[in-house]
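The values are calculated or read from the model by the stated rules, or taken from the named source; none is laboratory data. It should be emphasised that the depicted structure is a prediction, and the values quoted were computed from it without experimental measurement. With ideal geometry, Cβ positions are generated from the backbone for all residues, glycine too; neighbour counts draw on all protein chains shown.
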Amino acid sequence: MLATVGAYGLIEDGDRILVAVSGGKDSYTLLDLLAAARRKAPVRFELVAWHLDQGQPGYDGAPLRAWLEGLDLPHEVVREDTYSAVIAQAEGEARPTYCRVCSRLRRGILYTAAERVACNKIALGHHRDDSLETLLLNLFYSGRLQAMPADYVTNDGRFRVIRPLIECSESDIARHATEVGYPILPCNLCGSQADLKRVEIKKLLATLERTIPDVRSVMLAALKNVRPSHLLDVEVAQAWAEAADRFPARR
């Protein structure tokens, strides 16, 4: 993770970062590693842990709250019943999908919280496999070459969103989470849908991995080794023609 933070300049002196903690293995790992890095980092930055209680049936956030209270960091748990809103919007769909609507609602609440607690950056727990799956989803279903960047600026320009785990494998994160024993909270929305396109993409990657053991590492390398001159996007070609002299190794 530290190599990724340094390579992309994800954390700078004076940053105040809202770390979104969903209760899953990825966000626990993200907050834990950032908290450890903060203690010995060459720059000064602040972390604020933030969790959204979405009002899901059977939700018990007590273990997560206890874990957060054990950290020497400010933290906040906000309750917003997005669960009912997601279920209501999915009614009537032949094959309802919850993730897109749920993500949009959570994002709005997250941005509001980040502004309220005066954070200039938001850290999300997406990892390498999330990015690779997004790449294949866009390639196969949307006709786009698009994955997940290590960071981006929100459309309104208010925040820089960073993904410090974007080069970490999901298997390594899962192994770490098991060893540490994070109090994982189940999700009754995305976890309840076994026929999603993302699930099929996961299966495809697993199948490829049986014949190409390092396929995920190779795909990650490809995302960092783009040859714009060999694509068919006219806008990319024009932009590359103007910038190619600055990157001779990419010709």
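Within segment 104-158, being among the polar types (S, T, N, Q) and in contact with a helix residue (DSSP H, G or I) (Cβ under 9 Å, 6 or more places away or on another chain) holds for ASN120, SER131, THR134, GLN146, THR154.
Residue-wise test of (1) more than 21 Å from SER22 (Cα to Cα); (2) under 14 Å from the mean Cα position of the chain (by Cα).
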position: CYS119; (1), (2): no, no
position: ILE122; (1), (2): no, yes
position: VAL161; (1), (2): no, yes
position: PRO186; (1), (2): no, no
position: LEU204; (1), (2): yes, no
position: ILE212; (1), (2): yes, no
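Of all residues in segment 136-174 being of a type in the set (Asp, Glu) and outside any strand (DSSP E or B), which is modelled with the lowest pLDDT? For segment 136-174, the residue satisfying everything is ASP156.
Screening the candidates ALA118, ALA113, ALA88, ALA177 for the property of being closer than 24 Å to MET1 by Cα, of a type in the set (Gly, Ala, Ser) and either in a helix (DSSP H, G or I) or modelled with pLDDT of 95 or more (or both) yields one hit, ALA177. Among the residues of segment 20-55, those that are buried (at least 18 other Cβ atoms within 10 Å of the Cβ), in contact with a helix residue (DSSP H, G or I) (Cβ under 6 Å, 6 or more places away or on another chain) and in a loop (DSSP other than H, G, I, E, B) comprise VAL21, GLY23, GLN54. Considering each residue of segment 59-68 in turn, none proves to be more than 17 Å from PRO183 (Cβ to Cβ) and in contact (Cβ under 8 Å) with a residue 24 or more places away in the chain. Only residues that are in a strand (DSSP E or B), surrounded by fewer than 19 Cβ atoms within 10 Å (Cβ to Cβ) and hydrophobic (A, V, I, L, M, F, W, C) were counted in segment 1-19, giving 0.
Looking only at segment 135-163, filter to residues that are of a type outside the set (Phe, Trp, Tyr) and touching a strand residue (DSSP E or B) at 6+ places or on another chain (Cβ under 6 Å); which one of those is nearest to ALA222 (Cα to Cα)? Please lay out each step first, then the result.
Here is the first cut: in segment 135-163, the residues of a type outside the set (Phe, Trp, Tyr) are 135-139, 142-151, 153-158, 160-163.
Restricting the remaining residues to those that are touching a strand residue (DSSP E or B) at 6+ places or on another chain (Cβ under 6 Å) gives 151, 153, 160-162.
On the way: ASP151: 18, VAL153: 23, ARG160: 24, VAL161: 23, ILE162: 20 Å.
My answer is ASP151.
SER131 versus (1) within 24 Å of LEU204 (Cβ to Cβ); (2) more than 14 Å from the chain's Cα centre (by Cα); (3) surrounded by 12 or more Cβ atoms within 10 Å (Cβ to Cβ); (4) not aromatic (Phe, Trp, Tyr): which is the lone unmet condition? Result: SER131 passes all but (2). Report, ordered by the first and then the second residue, all pairs with beta carbons closer than 6 Å, sequence separation of six or more or different chains, a first member in segment 161-172 that is closer than 10 Å to SER131 by Cβ, and a second member that is outside any loop (DSSP other than H, G, I, E, B) and β-branched (Val, Ile, Thr). Matching pairs, first to second residue: GLU167/THR4.
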